[in-house]
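**Student:** Mind looking over this structure? Questions follow.
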Amino acid sequence: MTDSARARAQILGMIRKGKASQTPDGQSPDERIDAKRRGTIPARVDKDHAALVELFVDHATALSATVSRVDDESEIPGAVADYLAGENLPATLCAAPDPALQALPWDTRPALTVRYGRSDGADEVSLTPAFAAVAETGTLMLRSGPDHPTTLNFLPDTHVVVLRESQIVGPYEEAWDRLRAAGPIPRAVNFVSGPSRTADIEQTIQLGAHGPRRLHIVLVQDGEGESDGG
Amino acid sequence: MQTTSPSFPSNARQALADPDLQQALTKMKVGFVVNRANAVAKLPEFDTLRDEGRDIKNHVLSNLDTYLERFEAKVTENGGHVHWCRTADEARRTILDICRSVDAKTVTKGKSMIGEEIGINDFLEENGVTPVETDLGEYIIQLRKEPPSHIIAPAIHVPKEKVAESFFETHDQLDADRNLDEPRALVDEARSMLRQKYLDADVGITGANFLIAETGSTVIVTNEGNGDLTQTLPKIHIVTASLEKIVPTLEDASTILRLLARSATGQEFSSYTTFSTGPRRPEDADGPEQFHVVLLDNGRSALLGTEFQDILRCIRCGACMNHCPVYGAVGGHAYGWVYPGPMGAVLTPTLIGVDQAAHLPNASTFCGKCQQVCPMHIPLPKLMRHYRERAFERGLTPGTLRAGLKMWAFFARRPRLYQFFAGLKMRALAAAGRRRGRFKSLPLAGGWTRHRDMPAPQGATFQQQWDAAGGAR
Ligand code: SF4
């Protein structure tokens, strides 16, 4: 037996010894995992979809994220360019190589320079799509993948996220259901609530500790009718 | 045999006389406490969720073997590795071996209490690997060569002027006349100094708030984003986690996450909650090539089925210390080991031996506030009382002697920590006793000094005298 196998056997042995003196609670671990039972869902998300969208926006802005809303995805390049100009930021960004982002009419804003790929640490602004968003706390759900480099979520100073209204759900559990329905769990799932922050110096909150100083959400109206209301 | 938990009374006395610390603790009482109360008031379901959180952990603890095996199988299926470690020493060696396999020069680290518990930084450094703490608080105490004084705010005891002092000293390549008066300037400087370190590191080490049996995922909860940079950029991601961190499903993690940030900082959710599942996939644009989970027991499995099992539900939120009148008076360093406050008073004797930490379960007014705020319903006062009874009933048994030796070994491997606490202890005792040369009583130490007078130490520790005399180390 290798050292590691011996350690494993001994730890499991200790656990089983301790277990012997406990009364089992009658739930089998396998059944429990398969059931994926939800705990209590806060009543604050018990709303129709339009109200959830507003709840998400309220929570996200309370966390110091900014939100601009557009009626149609063709307006995304304009919203991004206007945001960057308004913040006095460079009109250059590194975007996730996501087909939907690449298909946007970027030529309508020729002053914007868009590069696609992962971040190497030199980019000041990134643009990524969201997978979902949780109205309960104003939290974005982002996932890694060939078209979704994780580095874009953390290295640049300014992170711009494209979110469609139909991607907004009430609680985290709805977001998990959508993720499971979309295939195997990706390597990284990032829940992002506002920009990076720290209170490590004298307990005063400062934004932009190591991750992005600014989080901007471009919220696209895409016909909430297609949503199931949650 | 040098330890520092045994000198809790003198540590405490020194702490009470430290104006910087007292100011920080006063701020903490208004900050954390008010923020938590506000967050809880905004979630009417909070108490129901506490019951559910407790039930999830109790269920896990009574099926821990099955959940760990399931977790391991999933990690392996995803292309990662699980390393089972009985002791701190096994965990240190495992981590070093992984670092050596890629000839690592520097390692970035996200905040991890397990990292503190096993003393990974000193060990890596002794073996030629440079650890760089990236959480701002951890970075500050690393520069100051101190242990953390709070489990979620490790540098809570350091005023901004002292942070600036450390930055001027360490970042000596920068303009010596720059202005570091404000927290903003300090945060920006740390940000820019650490940028390149993330990109250069060969290995990134993080802790884990949860392990998910369903998917084989590990979870970190942070506000700064440092943990994500630490685990995304290097070739290798090592997760250090103790085995009770496991929960069955993503749903169960979500239930407990509703309790964690609210109890810790009063946030509804932390800025970043990340679920990591294995190394990068073949088509992925970025992420680590290797994913290792170092699974630490270090005495925890022996608590199962005992009266101390309940402490294994702890999610390290820090609420018990934020609300504790004793922690609020003396801060974290006085407790003398990595875990302070009520949870530390229960966990420390468990991990380092009741003879070494006998004072800690006494460091309580038994006001019950910790149990009232604990999101996992851990009966902390009751557990402290168990220890008091045990310490009283048991003399030095072979078991506690072994624990004492373990404690000595812990400090022997951490010369800096040893010097820090030995110095702290000497200064405190010297200051308090110089007037009389001898102690009759110390605050909080009735039981200790009642039966013996302690001679007051005069001046510096042996190592400080040796250094002052130009001795080489
Ligand atoms: S004992 Fe309870 S209150 Fe204290 S850190 Fe652990 S979970 Fe939080």
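Where a number appears in this text, it was derived from the coordinates with a stated rule and is not lab data. Predicted model, so just to flag it, every value in this text is computed and none were measured. Heads up, the Cβs are rebuilt from the backbone with ideal geometry, glycines too, and the neighbour counts pull from every protein chain shown.
**Student:** Report, largest value first, the span of the C-alpha coordinates of the stretch B:154-199 along each principal axis, in whole Å.
**Tutor:** In descending order, the Cα extents are 30, 27, 17 Å.
**Student:** At what distance in angstrom do the alpha carbon centres of the stretch B:1-72 and the stretch B:96-137 lie from each other?
**Tutor:** Between the Cα centres of the stretch B:1-72 and the stretch B:96-137 lies a distance of 25 Å.
**Student:** Which value results for Rg/Rh of the stretch A:41-220 when Rg is the Cα radius of gyration and Rh the Kirkwood radius based on the inverse mean 1/r?
**Tutor:** Values: Rg = 15.8 Å, Rh = 16.6 Å.
Computed over Cα atoms, the ratio is 0.95.
**Student:** Just the number: Rg to Rh for the protein assembly as shown, Cα atoms, Kirkwood Rh, two decimals.
**Tutor:** Values: Rg = 25.4 Å, Rh = 26.3 Å.
Taking Rh as the inverse mean 1/r over Cα pairs, Rg/Rh reads 0.97.
**Student:** With a ≥ b ≥ c the root eigenvalues of the C-alpha gyration tensor of the stretch B:310-393, is it rounded (a/c under 1.5), prolate (a/b larger than b/c) or oblate? The partial results should precede the final answer.
**Tutor:** On the way: a/c = 1.44, a/b = 1.25, b/c = 1.15.
In terms of gyration-tensor shape, rounded.
**Student:** So what's the projected area for the stretch B:145-276, the Cα convex hull averaged over all directions, in nm²? Please list the in-between numbers first.
**Tutor:** On the way: hull surface 37.5 nm².
Projected area, direction-averaged: 9.4 nm².
**Student:** Still on this structure, I have one more. How would you classify the stretch B:43-298 from its alpha-carbon gyration tensor, with a ≥ b ≥ c the square roots of the eigenvalues: rounded for a/c under 1.5, else prolate if a/b is greater than b/c, otherwise oblate? Intermediate results must be reported in sequence, preceding the final value.
**Tutor:** On the way: a/c = 1.89, a/b = 1.33, b/c = 1.42.
Verdict is oblate for the stretch B:43-298.
**Student:** Okay, moving on. Express in nm, to one decimal, how much length is gained between A:Ala5 and A:Lys17 on full extension, taking 0.36 nm for each residue of separation and deducting their alpha carbon distance.
**Tutor:** Details: separation 12, 0.36 × 12 = 4.32 nm, distance 1.82 nm.
Extra length from A:Ala5 to A:Lys17 when fully extended: 2.5 nm.
**Student:** What are the ³J(HN,Hα) values, in whole Hz, obtained from phi via the Karplus relation 6.51 cos²θ - 1.76 cosθ + 1.60 with θ = phi - 60°, for each residue of the stretch B:127-140 in sequence order, with x given for Gly and Pro?
**Tutor:** 9, x, 10, 8, x, 10, 6, 10, 5, 4, x, 5, 4, 4
**Student:** Right, another one. In what sequence do B:Ser364, A:Ser193, A:Ser166 fall when counting other Cβ within 10 Å, fewest first? Mind dumping the intermediate values first?
**Tutor:** Numbers: B:Ser364 22, A:Ser193 26, A:Ser166 18.
Ranking B:Ser364, A:Ser193, A:Ser166 by Cβ neighbours within 10 Å, fewest first, gives A:Ser166, B:Ser364, A:Ser193.
**Student:** Right, something else. Please report, in cubic angstrom per residue, the volume enclosed by the convex hull of the alpha-carbon atoms of the stretch A:1-141. Write out the running numbers ahead of the final one.
**Tutor:** Values: hull volume 34.2 nm³, N = 141.
Once divided by residue count, the hull of the stretch A:1-141 is 243 Å³.
**Student:** On to the next question. Over the whole of B:28-38, what's the average partner chain Cβ count within 10 Å per residue? Rounded to a whole number, please.
**Tutor:** Values: counts 1, 0, 1, 5, 2, 0, 0, 2, 0, 0, 0.
Taking all residues of B:28-38 together, the mean is 1.
**Student:** Counting alpha carbon pairs within less than 8 Å and at least 6 residues apart, what relative contact order, in whole percent, applies to the stretch A:41-220?
**Tutor:** Numbers: 375 pairs, mean separation 50.4, N = 180.
This gives 28 percent for the stretch A:41-220.
**Student:** On to the next question. Checking the table B:Lys197/B:Lys245; A:Lys36/B:Lys382; A:Lys19/B:Lys57; B:Lys29/B:Lys160; B:Lys160/B:Lys235; B:Lys27/B:Lys160 against a 24 Å threshold on Cα-Cα, which pairs fail? Can you show the working numbers first?
**Tutor:** Values: B:Lys197/B:Lys245 29 Å; A:Lys36/B:Lys382 34 Å; A:Lys19/B:Lys57 14 Å; B:Lys29/B:Lys160 18 Å; B:Lys160/B:Lys235 35 Å; B:Lys27/B:Lys160 14 Å.
Violating the 24 Å limit, Cα to Cα: B:Lys197/B:Lys245; A:Lys36/B:Lys382; B:Lys160/B:Lys235.
**Student:** So how do B:263-275, B:220-232, B:149-161 stack up, highest first, on mean other-Cβ count within 10 Å?
**Tutor:** Details: B:263-275: 24.3, B:220-232: 28.6, B:149-161: 22.7.
Per-residue Cβ counts within 10 Å, averaged per peptide and sorted highest first, yield B:220-232, B:263-275, B:149-161.
**Student:** Continuing with the same structure: Using a 10 Å cut-off on Cβ to Cβ distances, tally the other chain neighbours for every residue of B:251-262 and report the average as a whole number. Show your work: numbers first, answer last.
**Tutor:** Working: counts 11, 6, 2, 11, 7, 1, 3, 8, 0, 0, 2, 0.
Averaged over the peptide's residues, the number is 4.
**Student:** Still on this structure, I have one more. Across peptide B:186-194, what mean number of C-beta atoms from other chains lies inside 10 Å of a residue's C-beta?
**Tutor:** Details: counts 5, 11, 4, 0, 5, 9, 0, 0, 2.
That works out to 4 on average.
**Student:** Where does each of B:111-118, A:82-89, B:331-338 land if you order them by average Cβ count within 10 Å, highest first? Kindly include the intermediate steps, with their values, before the conclusion.
**Tutor:** On the way: B:111-118: 23.2, A:82-89: 14.2, B:331-338: 26.9.
Result, highest mean Cβ count within 10 Å first: B:331-338, B:111-118, A:82-89.
**Student:** Determine, for B:Ser276, A:Ser64, the number of other Cβ atoms within 10 Å of each Cβ, and report the residues in order from fewest to most.
**Tutor:** Fewest-to-most ranking of B:Ser276, A:Ser64: A:Ser64, B:Ser276.
**Student:** How far apart, in nm, are two points set 7 Å out from the Cα along the Cα-to-Cβ line at A:Asp58 and at B:Glu77?
**Tutor:** Between A:Asp58 and B:Glu77, the simple spin-label model gives 4.1 nm.
**Student:** Where a Cα-Cα gap under 19 Å defines reach, which aspartates and glutamates qualify for B:Lys369, not counting those fewer than 8 residues away within the same chain?
**Tutor:** B:Asp47, B:Asp51, B:Asp310
**Student:** On to the next question. So if R0 is 22 Å, what FRET efficiency would A:Asn88 and B:Asp188 give, r being the distance between their Cβ atoms, rounded to the nearest 0.05?
**Tutor:** On the way: r = 17 Å, r/R0 = 0.79.
Calculated transfer efficiency: 0.80.
**Student:** Same structure, new question: For B:Lys42 and B:Ala17 in one chain, what is 0.36 nm times their gap in residues minus the Cα-Cα distance, to one decimal in nm? Intermediate results must be reported in sequence, preceding the final value.
**Tutor:** On the way: separation 25, 0.36 × 25 = 9.00 nm, distance 3.78 nm.
5.2 nm is the gain from fully extending B:Lys42 to B:Ala17.
**Student:** Follow-up question, since we're still on this one. Rounded to a whole number of µm²/s, how large is the Stokes-Einstein D of the stretch B:272-318 at 25 °C and 0.890 mPa s, given Rh as the Kirkwood radius over C-alpha pairs? Walk me through the intermediate numbers first.
**Tutor:** On the way: Rh = 14.2 Å.
Result for D is 172 µm²/s.
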